[in-house]
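Take a look at the structure below.
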Amino acid sequence: MPGVRFSQAWRDTAQRLADAGLSFGQGTEDASQEAAWMLVHSLGWPLLESFARLPALQRRVVPEAALRRLHELLEQRLRTRRPLAYLLGEAWLHGQRFLCDERAIVPRSLIAELLDQGLEPWLRAAPARIADICTGGASLAILAAQRWPGAEVTACDISEPALQLARANVEWHGLDRRVHLLRSDLFEAFEPEQRFDLVLCNPPYVNESSMRALPREFLHEPRLALAGGDDGMDLVRRLLREAPARLRPQGVLVVEIGHERAHFEAAFPRLPVHWLPVSAGDDAVFLVEAAALEARA
Ligand SMILES: C[S@@+](CC[C@H](N)C(=O)[O-])C[C@H]1O[C@@H](n2cnc3c(N)ncnc32)[C@H](O)[C@@H]1O
């Protein structure tokens, strides 16, 4: 009797995920993508290579042991509503693997999409000093360090557990000599003279009413990483106050604010920012130049 083929296992798993009304958006976009990840993981195949050739894998037979692993993973996902990345202890962003658990959110920052183009035309030269504020598990700090091999990166978070995870990721990527981790409330613990060419920040920006409506999956993530106060802008207000003193004259600040553009514009009606197009649209990430922040300050 022929065994279960990849195509069937994928379809059945995706159907179970879809029928259960789960939420996605923490490293996967939908039931189909999540089912493929579960299946490839259960098979012990390399993720990126497998995703690149999914059509060619459809007729492969899935061994019994892999089917059992898939079944267990699926049941766990359905029962606990933990994000798949937490169940597997790993997440993928921009083609890179990151260790991942409840100490920080599942890495998915839209800022990662912008690094390849080098933030042109705003960054006029490769940045020598980069800060990643609110670094969580350090995914953006690591991607920035890889993108600009000559740069020193300072990455901070207020959460010690998040920093422990960040440390593990920085070591895993072999970047401990160039990515410096710091426990800090925004820039508070930075050296007084530290200035940066590029400051990245994916802060907690979910407004209070959205926080109350979060799907169960997102309640597994640290509240500190998501909640941005009544209008989502609590941390952004402080960041924009502190950033001018931390940017070099040609420096830029890049901030992700998700679906909170209306709140942002209400809070900063006259600040000239550039909205950078990303896969989620052109109102989720903005860039502001040091001079514009300075003029406002
Ligand atoms: C949305 S998460 C972003 C994590 C990571 N940069 C990413 O993109 O995956 C926000 C992070 O900000 C940290 N955080 C919250 N308040 C902070 C503060 N006042 N200073 C520094 N970090 C803070 C949280 O601990 C959390 O790790």
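Worth a mention:
- Number of the condition not met by MET211 [criteria: (1) over 27 Å from ALA125 (Cβ atoms); (2) out of contact with any helix residue (DSSP H, G or I) (no Cβ under 8 Å at 6 or more places or on another chain)]: (2)
- Filter result for GLU221 (part of a loop (DSSP other than H, G, I, E, B), of a type in the set (D, E, K, R) and under 15 Å from the mean Cα position of the chain (by Cα)): yes
- Complete set of residues in the range 46-66 that are surrounded by fewer than 16 Cβ atoms within 10 Å (Cβ to Cβ) and over 23 Å from the mean Cα position of the chain (by Cα): ARG53, LEU54, PRO55, ALA56, GLN58, ARG59, ARG60, VAL61, PRO63, GLU64, ALA65
- A single entry from VAL252, VAL273 fulfils the requirement of being touching a residue at least 60 places away in the same chain (Cβ under 8 Å), crowded, with 17+ Cβ neighbours inside 10 Å and touching a helix residue (DSSP H, G or I) at 6+ places or on another chain (Cβ under 8 Å): VAL252.
- Filtered residues of the range 11-49 (kept if without any contact (Cβ under 8 Å) to a residue 40 or more places away in the chain, in a helix (DSSP H, G or I) and not polar (S, T, N, Q)): ARG11, ASP12, ALA14, ALA18, ASP19, ALA31, ALA35, ALA36, LEU39, VAL40, LEU43, GLU49
- Here the range 106-117 is the region considered, the condition is being crowded, with 16+ Cβ neighbours inside 10 Å and part of a loop (DSSP other than H, G, I, E, B), and the residue that is farthest from the ligand (Cβ to nearest atom) is LEU115.
- The set of residues in the range 119-165 that are within 19 Å of ARG177 (Cβ to Cβ) and part of a strand (DSSP E or B) comprises ARG129, ILE130, ALA131, ASP132, GLU152, VAL153, THR154, ALA155, CYS156.
- Cβ pairs under 6 Å, 6+ apart, first in the range 179-208 and on the phi < 0 side of the Ramachandran plot and surrounded by fewer than 16 Cβ atoms within 10 Å (Cβ to Cβ), second assigned to a loop (DSSP other than H, G, I, E, B) and modelled with pLDDT of 95 or more: ASP185/ILE158; GLU208/ASP230
- Cβ-Cβ contacts under 7 Å between residues 6 or more apart (or on different chains), taken from a first residue in the range 125-149 that is among the hydroxyl-bearing types (Ser, Thr, Tyr) to a second residue that is at pLDDT 95 or above and in a loop (DSSP other than H, G, I, E, B), are listed as SER139/PRO107; SER139/SER109.
- Residue within the range 220-229 that is in contact with a strand residue (DSSP E or B) (Cβ under 9 Å, 6 or more places away or on another chain) and more than 10 Å from the ligand (Cβ to nearest atom) present: no
- Test: residue in the range 89-105 that is hydrophobic (A, V, I, L, M, F, W, C), more than 9 Å from the ligand (Cβ to nearest atom) and either within 23 Å of ARG238 (Cα to Cα) or free of Cβ contacts under 8 Å to residues at least 12 places away in the same chain (or both): no
- Test: residue in the range 190-199 that is modelled with pLDDT of 95 or more, under 25 Å from GLU102 (Cβ atoms) and touching a strand residue (DSSP E or B) at 6+ places or on another chain (Cβ under 8 Å): no
- Residues of the range 166-178 that are assigned to a helix (DSSP H, G or I) and among the hydrophobic types (A, V, I, L, M, F, W, C): ALA166, ALA168, VAL170, TRP172.
- In the set (1) of a type in the set (Asp, Glu); (2) under 24 Å from ALA189 (Cβ atoms); (3) assigned to a helix (DSSP H, G or I), GLU75 fails one condition alone, (2).
The values are calculated or read from the model by the stated rules, or taken from the named source; none is laboratory data. These figures come from a predicted structure and were not determined experimentally. In this analysis, Cβ positions are derived from the backbone assuming ideal geometry, glycine residues included, and neighbour counts consider all displayed protein chains.
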